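So the structure is just underneath, and the comments pick up after that.
The values are calculated or read from the model by the stated rules, or taken from the named source; none is laboratory data. As the structure is a prediction and not an experimental result, all values here were calculated from the model. With ideal geometry, Cβ positions are generated from the backbone for all residues, glycine too; neighbour counts draw on all protein chains shown.
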């Protein structure tokens, strides 16, 4: 075990105060590691070096004459520059608004306008080009800064390359050069936009105290040491990564390396050899699927050996957790570890001490495989509105099929319909400029209504059993309200009934009942026989239908994209049991009837 050096929320005060205290304690230690495409090498920055750069950023921000409380936004991949603007802005009392780099331009423009952003930091040509269609709507922005010089800036005087915008570095460096405005801990630190019920995102307002408490409470559930090394690949715009992979690591004095890209994640795991990984289920699903595909090509003996290793490893885990007695089969573990488990763990770098999965539930078969192979895999549960972690398992008390135990100081109770209600120091200040939505989410007694149906055990452990409202949680943790998308799609005269699905899958899909008259007209126009077998789900009709779906949902967030559809002639009716007497869709029954079509749509992804 390494050394523990945890900064408390009181010692930090604010997010910038947390950074300054870490510089004072660990100035010469490695803080961040990233790949420089120009040199083709990994580069390391100490806490002192980061402090000097952040002071440089603050000097440039002061020249923009921004006032405390003004909003600045970031739209770039995880990098030291992301941290530099975040801490620089925080230290000046500015409010940070993170953006997803893969979001739709229309959605980005809405967020920037809704938050009243005055300065936007982007990465490069890719992000500048993404904004191309909405630049005329961004007149309220004072400054746009690009980390890398844009090759075609056009006639945009507000756009500056980072090097030009920063100018000459100030003479002073070290922690004392960093300005940390003495703002109250409960003042607004960031606005994080999350999908709303109207298709437009809502701005979750989180304070310094919200985030600092959550990071500190989370590390009490899973200890982090000063010699730990995180590999960061989830977007920092994702609150889970930001709190647990960024502020928590800073709070504990661990270093962070930034993944080059998701396609290069496997290589970076071998290169960086991290000890801690923060992930969403989708990453583990990919590795699991790859393992299963490789096993299919192995001999029956090799497959049996692998399955035995997982079974014995799982029995070993259950024994260590005190849920199973000792068995002689456990004596085989050292051999199975050497022949099977260690080889898989080597693909994760060979030093992985702890992996934390959050944002969505991890399928039991997947968690069983990784835990059985010796990975310390913990799951957490939370909401952006709670900064985000509410529950987590611990290494000593890990029940993989549960949401875990509430964090210290989190109160839980059951509301109407077994809805989970929570109170904690991490509960948001409210939704930006939307008091009505805030009142619907947080009642007069301070209980936040999660919308999740749960079962709570005698020890306060939480199991998620369903949702009070139909909210799809993708395997990357993004939440999508399907009802609004379904209504938008059904506005097209070609479609009569729509069901959007995607829970715990990497993308959305849709089951669609077509309007028979409109569909026959389109098929005639396409020179297709309407009576031909499965004509609705073959090109050219399928491509036409999918394009019209995309047109109807283009105003929704970028991650709310439908990639697969299955169309039907036969309507969903009361008589077939697929509609209630009040004409509401019986979603579970529709899904049950379409299980083969759903499996086909997600096969191979």
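Among 279, 249, which is the only one that is touching a strand residue (DSSP E or B) at 6+ places or on another chain (Cβ under 6 Å), in contact (Cβ under 8 Å) with a residue 12 or more places away in the chain, surrounded by 22 or more Cβ atoms within 10 Å (Cβ to Cβ) and farther than 22 Å from residue 96 by Cβ?
Testing whether each residue is touching a strand residue (DSSP E or B) at 6+ places or on another chain (Cβ under 6 Å), in contact (Cβ under 8 Å) with a residue 12 or more places away in the chain, surrounded by 22 or more Cβ atoms within 10 Å (Cβ to Cβ) and farther than 22 Å from residue 96 by Cβ leaves just 279.
Name the one entry in 470, 445 that is modelled with pLDDT under 90 and surrounded by fewer than 21 Cβ atoms within 10 Å (Cβ to Cβ).
470
Against the definition (free of Cβ contacts under 8 Å to residues at least 24 places away in the same chain and either surrounded by 18 or more Cβ atoms within 10 Å (Cβ to Cβ) or closer than 23 Å to residue 468 by Cα (or both)), how does residue 578 come out, yes or no?
Here the answer is yes, as residue 578 does meet what is asked.
Given the options 21, 43, name the one that is within 30 Å of residue 223 (Cβ to Cβ), in the same structural domain as residue 184 (by TED's automatic domain parsing), modelled with pLDDT of 95 or more and in contact with a strand residue (DSSP E or B) (Cβ under 7 Å, 6 or more places away or on another chain).
Among 21, 43, only 43 is within 30 Å of residue 223 (Cβ to Cβ), in the same structural domain as residue 184 (by TED's automatic domain parsing), modelled with pLDDT of 95 or more and in contact with a strand residue (DSSP E or B) (Cβ under 7 Å, 6 or more places away or on another chain).
Give 265, 269, 236, 229 a once-over and let me know the one that is closer than 23 Å to residue 382 by Cβ and either crowded, with 16+ Cβ neighbours inside 10 Å or within 16 Å of the chain's Cα centre (by Cα) (or both).
236
Out of the residues in the range 574-586 that are under 18 Å from residue 483 (Cα atoms) and assigned to a loop (DSSP other than H, G, I, E, B), state the one that is modelled with the highest pLDDT.
Here the residue is 578.
Answer yes or no as to whether residue 135 is in a helix (DSSP H, G or I) and at pLDDT 95 or above. Spell out the reasoning first.
Working: in a helix (DSSP H, G or I): yes; at pLDDT 95 or above: no.
Against the criterion (in a helix (DSSP H, G or I) and at pLDDT 95 or above), residue 135 does not qualify.
Filter the range 395-435 down to the residues that are in contact with a helix residue (DSSP H, G or I) (Cβ under 6 Å, 6 or more places away or on another chain) and assigned to a strand (DSSP E or B), then identify the one that is surrounded by the most Cβ atoms within 10 Å (Cβ to Cβ).
Here the residue is 431.
Which of the residues spanning the range 340-361 are at pLDDT below 95 and under 25 Å from residue 466 (Cα atoms)?
357, 358, 359, 360, 361
Would a scan of the range 197-206 turn up a residue that is modelled with pLDDT of 95 or more and surrounded by fewer than 19 Cβ atoms within 10 Å (Cβ to Cβ)?
Checked against the condition, which is being modelled with pLDDT of 95 or more and surrounded by fewer than 19 Cβ atoms within 10 Å (Cβ to Cβ), the range 197-206 yields no hits at all.
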